Amino acid sequence: VASSEEVDALSTAVAAAGADLDELLANSAVFNNDISINSVATLNAFHAMGSSLNIVNGNVTFNVTAGMDATKVQETINQMLTITKDLNYTGASTEVMPTFKNLSGVASMTIEGAGEYRFDNLVSAGNIILDNDNTAKNTIVHLGSLTTYLSLSDDGGVANTLDFSNATEFHLTSLKVLTGS
């Protein structure tokens, strides 16, 4: 270092790099707890957490009821990229069914709702149960990226069997068929 100006410049650069590192670490944080969204208050709290929900090291439960903001439900779901434990989603038949297009991995999941089942980028899951009680509204089942799973079924309970009679689109593009399925 030849001058005090160079020392000041280096000090400023180090401070800026430290701030960038702090922001990077904050945005890549893992949420280490279970998430239960079952009221407007819990939805608002988790929605405010934004990208700190990218990786959830815990179970995630949604029980969507009338009065919850569908946009906030979708935005909260969009933040979740990986869930290390189970995902349980229950939506009222009168509520908009969100998509789970950003989710890439989950231990297991049980989904119940009236609308499209969109898991376009889900690559890995354990047991997958998709409720088919609203088949008139379940017109799309999209698991096009799924390659690794233990079982896939509707809520009828027959392993590796899906029955969605009104589905106009059924995406299982990358799916490996399990032996005996």
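The values are calculated or read from the model by the stated rules, or taken from the named source; none is laboratory data. Note that the structure is predicted; figures quoted are calculated from it, not measured. Reconstructed Cβ throughout: ideal geometry from the backbone, glycine too, with neighbour counts over all protein chains shown. Areas reflect the complete protein model, heavy atoms only, side chains present, ligands, DNA and RNA absent. Shrake-Rupley method; radii C 1.70, N 1.55, O 1.52, S 1.80 Å.
Where strands (runs of 3 or more DSSP E) fall wholly inside the stretch 59-156, the ranges with 1 or more residues that are open to solvent by 40 Å² or more (accessible area, probe 1.4 Å) and not basic (Lys, Arg) are 60-64, 82-91, 105-112, 127-130. Restricting to the stretch 157-181, name every residue that is in contact with a Leu (Cβ under 9 Å, 6 or more places away or on another chain) and within 20 Å of Asn88 (Cβ to Cβ). Result: Ala159, Leu162, Phe164. Can Ser52 be described as more than 22 Å from Arg118 (Cβ to Cβ), of a type in the set (Ser, Thr, Tyr) and either open to solvent by 40 Å² or more (accessible area, probe 1.4 Å) or part of a strand (DSSP E or B) (or both)? Criteria not met by Ser52.
The set of residues in the stretch 78-118 being in contact with a strand residue (DSSP E or B) (Cβ under 8 Å, 6 or more places away or on another chain) and among the β-branched types (Val, Ile, Thr) consists of Thr82, Ile83, Thr84, Thr90, Thr99, Val106, Thr110, Ile111. Looking only at the stretch 15-46, residues that are part of a helix (DSSP H, G or I) and at pLDDT below 70 come to 12 in all. Scanning the stretch 89-111 for residues that are farther than 18 Å from Asp34 by Cβ and touching a Gly at 6+ places or on another chain (Cβ under 7 Å) turns up Gly91, Val96, Met97.
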